[in-house]
Amino acid sequence: MTTLITIYSILITILAYFIGRKIYAKHPSPFTTPVFFSTVTIILVLLFSGLDFNDYSTGKDIITYFLGPATVALAVPLYKNRTIIVKYGIPAISGMLLGLTVTLILAFVIANAFSLPQFILQGLAVKSITVPIAVEITELYGGNPNVSAAFVILTGVLGTMIAPRMMDKLNITMPFARGIAYGTIAHGLGTAQATQESEFTGAVAGATMAIAGILISCFFPLIDNFL
């Protein structure tokens, strides 16, 4: 029975994402973005099928396991395009630092404007890095990891919905620049969206996501003093 549920869970996930990509290709919209569409679809399937999330997790964990090798594989297009990375290295780092700084400042201003509690502030401060790093940082500093994870996921989903059209409107067409933007604001979900545009864009987004996580981890002790 457990094996059948696992297979069912994997099929739900794959089909939801596959259908999402097909719909997005024909009707591009923030609400048909594969990440958003597949997330909503899976939630609805779980609700109407009566399948418990813990049961679904057995299949989800198998898919998650392959994210590691897939992320490592992104190093190949990075190596192939290393001359571009070296050429635009300084602007890329500058843009990444600026993006993270603006994100932190906005989180701080919003949280203080509404007198939000400390654990909300901490969750907002780590919202633009990947979930595992955000949760570890939050736990180390006595925050609420569930709140942080929720903010991270929400940020990633909104980033994949809004970023593509916003960059199109601003005429940002360079794959390298788009990858930096995706990785900085929308971490893993942004990387998934970037990979759909091109292998190189996804690779840049993945590397940016990793660097952003390292930077926030290093500077969070200083940031936490101001929260």
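The values are calculated or read from the model by the stated rules, or taken from the named source; none is laboratory data. Since the model is a prediction, treat every value here as computed from it, not as a measurement. Virtual Cβ from ideal backbone geometry, glycine too; neighbours counted across all protein chains shown. Only protein heavy atoms, including side chains, enter the accessible area calculation; ligands, DNA and RNA are left aside. Shrake-Rupley method; radii C 1.70, N 1.55, O 1.52, S 1.80 Å.
Return the calculated 222 nm mean residue ellipticity for the chain, to the nearest 500 deg cm²/dmol, obtained by summing -39500 (n - 2.57) across DSSP H runs with n ≥ 4 and dividing by the residue count.
After summing the helix terms and dividing by residue count, I get -28000 deg cm²/dmol.
Rounded to the nearest percent, how much of the accessible area of the chain (1.4 Å probe, protein heavy atoms only) is carbon and sulfur? Write down the numbers at each step before the final one.
Details: 9330 of 12710 Å².
So the carbon and sulfur contribution to the accessible surface is 73 percent.
Tell me, what ³J(HN,Hα) does each residue in the range 117-128 have, in order and in whole Hz, if you take phi through Karplus 6.51 cos²θ - 1.76 cosθ + 1.60 with θ = phi - 60° and put x for Gly and Pro?
Once rounded to whole Hz, the list reads x, 4, 5, 6, 4, 5, x, 5, 5, 10, 5, 9.
Pull out a ≥ b ≥ c, the square roots of the eigenvalues of the alpha-carbon gyration tensor of the range 62-114, then state rounded if a/c is under 1.5, prolate if not and a/b is larger than b/c, and oblate in the remaining case. Before the final figure, lay out each step's value.
On the way: a/c = 7.82, a/b = 1.43, b/c = 5.47.
Since a/c reaches 1.5 but b/c is at least a/b, the shape of the range 62-114 is classed as oblate.
Please label the shape of the range 1-118 as rounded, prolate or oblate, based on the square roots a ≥ b ≥ c of the eigenvalues of the alpha-carbon gyration tensor (a/c under 1.5 means rounded; beyond that, a/b larger than b/c means prolate, else oblate). Kindly include the intermediate steps, with their values, before the conclusion.
Details: a/c = 2.05, a/b = 1.38, b/c = 1.48.
It comes out oblate by the Cα gyration axes.
Could you list log10 I(q)/I(0) for the range 125-186 at q = 0.12, 0.19, 0.20 Å⁻¹, which the Debye formula gives when each Cα is one point scatterer?
Listed by q, the Debye log ratios stand at -0.34, -0.68, -0.72.
Taking only the alpha-carbon atoms of the chain, what semi-axes of the equivalent ellipsoid follow from 5 times the gyration tensor eigenvalues under a square root, in whole Å, largest first?
On the way: eigenvalues 156, 116, 57 Å².
Each semi-axis is the square root of five times an eigenvalue, giving 28, 24, 17 Å.
Taking only Cα atoms and a 10 Å spring cutoff, compute GNM fluctuations for the chain and point out the largest among Leu47, Leu189, Leu106.
Of the options given, Leu47 has the highest mean-square fluctuation.
Sorting check: for 86-98, 200-212, which peptide has the highest mean count of neighbouring beta carbons within 10 Å, and how do the rest follow? Walk me through the intermediate numbers first.
Numbers: 86-98: 13.3, 200-212: 25.1.
Going by the mean number of other Cβ atoms within 10 Å, highest first, we get 200-212, 86-98.
Can you pull out the GluC sites (Glu not before Pro) in the range 124-204 whose DSSP state is coil and whose Cβ has at most 13 other Cβ atoms within 10 Å? Don't skip to the answer; put the middle values down first.
Values: sites: Glu136, Glu139, Glu197, Glu199; in loops: none.
The qualifying sites: there are none.
Using the Karplus equation 6.51 cos²θ - 1.76 cosθ + 1.60 (θ = phi - 60°), what ³J(HN,Hα) coupling, rounded to whole Hz, does each residue of the range 34-47 give in order, writing x for Gly and Pro?
x, 5, 5, 4, 5, 4, 4, 4, 5, 4, 5, 4, 5, 5
Using the structure shown, list the pairs from Lys26/Lys169; Lys127/Lys169; Lys60/Lys169; Lys87/Lys169; Lys60/Lys127; Lys80/Lys127 with a Cα-Cα distance above 28 Å, or answer none.
Numbers: Lys26/Lys169 19 Å; Lys127/Lys169 25 Å; Lys60/Lys169 35 Å; Lys87/Lys169 26 Å; Lys60/Lys127 22 Å; Lys80/Lys127 31 Å.
From the list (Lys26/Lys169; Lys127/Lys169; Lys60/Lys169; Lys87/Lys169; Lys60/Lys127; Lys80/Lys127), the Cα-Cα distance tops 28 Å for Lys60/Lys169; Lys80/Lys127.
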